[in-house]
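Rule-based calculations on the coordinates, nothing more; no lab input. The model shown is predicted, which means the values in this text are computed figures rather than measured ones. No Cβ is skipped: glycine too gets one built from the backbone with ideal geometry, and neighbour counts run over all protein chains shown.
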Amino acid sequence: MPLWFARGLRRGVVTTRYPARPDGSATSLPTPPAFRPRQLTLQTVDRMIAQCPGPALSRAADTLVFDVGSCTACGRCARVAPLAVTPSGEFELAATARSALIKMIPILGEER
Ligand code: SF4
């Protein structure tokens, strides 16, 4: 009988302490992007939208619309615009309303 199984029976706990305590493995998880508005230009945003494999990114005039609920944290947008995109480090994305997962990000960068 594997040791972890016997230990679980003895202690009554067979999983990690998450969410009561942070799980160390979480630091290595891919997370959705965070965007730097001043680094975003219309051109950059359109390139990111073209690279996004799903419906997570779209544009409404001079606003980037980011649907966090549709993001797979693939990192393609960050590869297209490394100065404008950074990992958010946030993977706890549960929300009680779908609308809470839609982020409106102003596009404040200037074309060069
Ligand atoms: S990480 Fe991937 S899925 Fe998420 S917004 Fe960027 S390109 Fe789209």
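Per 0.36 nm of contour for each residue apart, how much would the distance between Ala6 and Ser88 grow if the chain were fully extended, relative to their Cα-Cα spacing?
On the way: separation 82, 0.36 × 82 = 29.52 nm, distance 3.84 nm.
Answer, rounded to one decimal: 25.7 nm.
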Relative contact order of the stretch 23-112, defined on C-alpha pairs under 8 angstrom at six or more residues apart (%)
44
Work out the FRET efficiency for Arg59 and Ala95 from their Cβ-Cβ distance, taking R0 = 25 Å, and round it to the nearest 0.05.
0.65
Ranked highest first by average number of other Cβ atoms within 10 Å, how do 62-68, 16-22 line up?
62-68, 16-22
The chain: angle of helix 42-51 to the longest principal axis, Cα-based, in degrees nearest 10
40
For q = 0.10, 0.13, 0.17, 0.18 Å⁻¹, what log10 I(q)/I(0) does the chain give under the Debye formula with an equal point scatterer on each alpha carbon and no solvent?
-0.41, -0.58, -0.82, -0.88
Let's test the formula: R0 of 30 Å, r as the Cβ-Cβ distance of Thr16 and Ala73. What FRET efficiency results, to the nearest 0.05?
0.90
Relative to the Cα centre, what is the charge dipole magnitude of the chain, using +1 at the beta carbon of each Lys and Arg, -1 at the beta carbon of each Asp and Glu, and rounding to the nearest 20 debye?
540
